[in-house]
Amino acid sequence: MNQARWVVLMSEGAGRLWLFLVLLFLYLPILVLAVMGLNDSVHYTLPFAFTTRWYEDLAGNERLLQASFNSVAVALANTLIATTLGTMAALAFARYRFRGRTALQLLLFPPITIPWLIIGTSMLVLFFWTGIGRGLHAMLLGHVALSLPYVIIVVGARLASIGPDLEEAAASLGATPFQSLVRVQLPVMAPGIVAAALFAFAVSFDQFVISYFLAPPGVSVLPVEIFSAIRKGFTPEVNAISTIMIVVSMTVLLLFARLSKFGGER
Amino acid sequence: MRIETRRRWAIAWLTGPAYLWLAVTIFLPLSAMLYFSFQKKGPFGRHASEFSLKHYEAFFTKGYLQDLMWRSLEMGFHVTGLCILIGFPAAYWLARRIHGRWREALFLLIVLPFWSNALVRVFSWTIVLRPDGVLDRAVHLVIPGLPTIDLTDSYAAIIIGLVHSYLPYMILTCFLSLQAIDESLLEAARSLGARSWTILGRIILPLAVPGLAAGSILIFVPVIGSFFEPRLLGGPKGTVIGTVIEEQFTVVSNWPLGGALSFILLAIVLLILAVSAPVLKNHMRTT
């Protein structure tokens, strides 16, 4: 009997240790990255000496500042367009049963599942061929395409949890379809829409592969700039800007998680 | 009849813009690439279009391209396998043994890095794995006198970076299927005298197959199409089919060959999905 309890305790400990090790594995490199951005050594040598000079250097780095500005601008435009178009499509799927509905929903999977390398290079081919060309506008076209499936899925999930009752109640009380949409449906959908918008922002802000193939020389966004810095040789300045990126996207996604009630039952 | 017309217009107006966008930015580009993969030359300069199979032939006649494709597939198997070995026990513990707010918080902690920039996380590994880096120092702290550990530009570094990138996928999908297992099923087994190993092997694992399969597909497909992870972590040893495809577009401008290799890669992905689909379907029916 005693031995059995001991075994249970052992396995209990082993399971927790395993989870802890997994978390350590996931977060250790990120922590190292952040710490080295505060270390006063160009060659990443220890012992650690605290400095904020890499962050101060960022303020004078025109290229990185411009790239950051471009990143945020593209991400905001992407959020606006993808959330609007995606919400419209999600409304149609929730409200109507029509021929081709399943087919349209299945079409959302290729953008998610085909490797970005193939999607990115295909966009390069088409945009070059048709004269759309490369640049921020091309990146925006691509980012919206990648965000749309997620927006439709997230808003759709919210709509599915609401069900058609509210809309029917509004109609039976004499609301016009437009009144019902603006005064009843949109307010209850709001958490889903905001969550989808946050997710769309993160998709674009973190997107590297598509932007990489669609960036002409001289125009870039943060991940593209970081990539070329890593390849050409880098200083802890890259750590500083990377840390900022990680903090921004993690904050956005934590907000998303709160709004969409993601993870675990409640 | 008028209601039916209005209904149709509403559907068209609501879905039209999103799907028009997807058509122009996903499906048209893929078609254009398919078209050029069967052309002799890419869309540069003035020349008549000329049908050609030579880029597909190149793959079947040039041994090194097949070797690289094989290397990518091998990389996919290694990464997926490691993700199962590391991720499944973690998902199991999280789903079955930890409850309440703790579970929610841990779950969020596991999926959170997954959504942060993949490139930045690969970059962080280059700093951890370099000679005199964090790993090197930590190992020497425990066992002094070992030779320097330098994983820069190695296959191991690529695998570590990719497992780090995709592990949360496996934990997520396994967690969802493990969480759905009815506790009374396990209690019944226990009360009938089944040992823990029997329960794990005959009940839990079979019920977790959909999660394992979904996670494997979600990891395998992007890994065999990866290019910047092998490039940054593997250096000269990091040449895989993904980096070759990338080079056709960024360095040597042989777009038709890049297109042909992309579609061969896609065909292999579809083949693997087609082979695994019946297994998956069967399984879901019987369980």
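The values are calculated or read from the model by the stated rules, or taken from the named source; none is laboratory data. Computed from a predicted structure; not experimentally measured. We place every Cβ from the backbone using ideal geometry, glycine too, and count neighbours over all the protein chains shown. Ligands, DNA and RNA are stripped out before the accessible areas are found, and what is left, the full protein with its side chains, is counted by its heavy atoms. Shrake-Rupley method; radii C 1.70, N 1.55, O 1.52, S 1.80 Å.
Taking every alpha carbon pair in segment A:109-207, what does the distance histogram look like in 10 angstrom bins from 0, in percent?
Using 10 Å bins, I get a P(r) of 14, 33, 24, 18, 10, 1 for segment A:109-207.
What FRET efficiency, computed as 1/(1 + (r/R0)^6) with R0 = 41 Å and r the Cβ-Cβ distance, is obtained for B:Phe60 and B:Ile199, rounded to the nearest 0.05?
Computed FRET efficiency for B:Phe60 and B:Ile199: 0.25.
With the contact rule set at Cα under 8 Å and sequence spacing of 6 or more, what percent relative contact order holds for segment B:178-287?
Result for segment B:178-287 is 23 percent.
Accessible area lost on pairing A with B, both sides, 1.4 Å probe, Å² to nearest 100?
7700 Å²
Between A:Asp165 and B:Asp182, how high is the FRET efficiency from 1/(1 + (r/R0)^6) when r is the Cβ-Cβ distance and R₀ = 35 Å? Nearest 0.05.
The formula returns an efficiency of 0.70 here.
From the C-alpha coordinates alone, can you work out the Kirkwood hydrodynamic radius of segment A:1-63, in Å?
15.2 Å
Can you compute the helix-only [θ] at 222 nm over chain A? Use -39500 (n - 2.57) per DSSP H run of at least 4 residues, normalise by all residues, nearest 500 deg cm²/dmol.
-25000 deg cm²/dmol
For segment B:1-159, build the charge dipole from Cβ charges (+1 Lys, Arg; -1 Asp, Glu) around the Cα centre, then report which of B:Thr25, B:Ser52, B:Ile110 sits farthest towards its positive end.
So the residue we want is B:Thr25.
Computed on alpha carbon atoms, what radius of gyration and Dmax characterise chain A, expressed in Å?
So, for chain A, Rg and Dmax equal 23.5, 77 Å respectively.
Write down Rg/Rh for chain B, rounded to two decimals, with Rg from the C-alpha atoms and Rh from the Kirkwood relation over Cα pairs. Mind dumping the intermediate values first?
Numbers: Rg = 24.1 Å, Rh = 22.7 Å.
Ratio of gyration radius to Kirkwood radius: 1.06.
What full-extension length gain, to one decimal in nm, is calculated for A:Arg258 and A:Val8 as 0.36 nm per residue of separation minus the Cα-Cα distance?
Numbers: separation 250, 0.36 × 250 = 90.00 nm, distance 3.49 nm.
Going from the current span to full extension adds 86.5 nm.
For a bin width of 20 Å, list the pair-distance distribution of the protein assembly as shown built from all Cα-Cα distances, rounded to whole %.
18, 51, 27, 3, 0
Using a cut-off of 14 Å between beta-carbons, work out the net charge of the residues near B:Asp67 (Lys and Arg +1, Asp and Glu -1, B:Asp67 not included).
With Lys, Arg at +1 and Asp, Glu at -1, the net is +2.
Give me the net charge of B:Leu186's neighbourhood, meaning all other residues with Cβ under 14 Å from the Cβ of B:Leu186; Lys, Arg count +1, Asp, Glu -1.
Charge balance in the 14 Å sphere: +2.
Quick one: net charge around B:His164, please, counting Lys, Arg +1 and Asp, Glu -1 for every other residue with C-beta under 12 Å from its C-beta.
Values: positive: B:Arg121; negative: B:Glu229.
Around B:His164, the surrounding residues sum to 0.
Mean separation of Cα pairs under 8 Å and 6+ residues apart, divided by the residue count of chain A: what relative contact order is that in percent?
The value is 30 percent.
May I ask you to evaluate 6.51 cos²θ - 1.76 cosθ + 1.60, the Karplus curve with θ = phi - 60°, for each residue of segment A:104-115 and list the ³J(HN,Hα) values in order in whole Hz, giving x for glycine and proline?
4, 5, 5, 5, 6, 7, x, x, 7, 9, 5, x
With charges only on Cβ, +1 for K and R and -1 for D and E, what is the dipole size of chain B about its Cα centre, in debye, rounded to 20?
Dipole magnitude for chain B comes out near 860 debye.
Which one of B:Val209, B:Val122, B:Val163 is farthest out on the positive end of the charge dipole of chain B, using unit charges on Cβ (Lys, Arg +1; Asp, Glu -1) and the Cα centre as origin?
Positive-most Cα among the choices belongs to B:Val209.
Measuring from label point to label point, each 7 Å out along Cα→Cβ, what is the B:Glu74 to A:Thr130 span in nm?
For B:Glu74 paired with A:Thr130, the spin-label model returns 4.1 nm.
Quick one: Cα centre-to-centre distance for segment A:73-90 and segment B:139-169, in angstrom?
Segment A:73-90 and segment B:139-169 have Cα centres separated by 40 Å.
Counting only other chains, what is the mean number of Cβ atoms within 10 angstrom of the Cβ of each residue in peptide B:122-135?
Per residue, the average neighbour count from other chains is 5.
If all Cα-Cα distances of segment A:79-140 are sorted into 5 Å bins from 0 onward, what percent lands in each bin, rounded to whole numbers?
Computed distribution, short to long bins: 4, 14, 17, 19, 20, 15, 9, 3.
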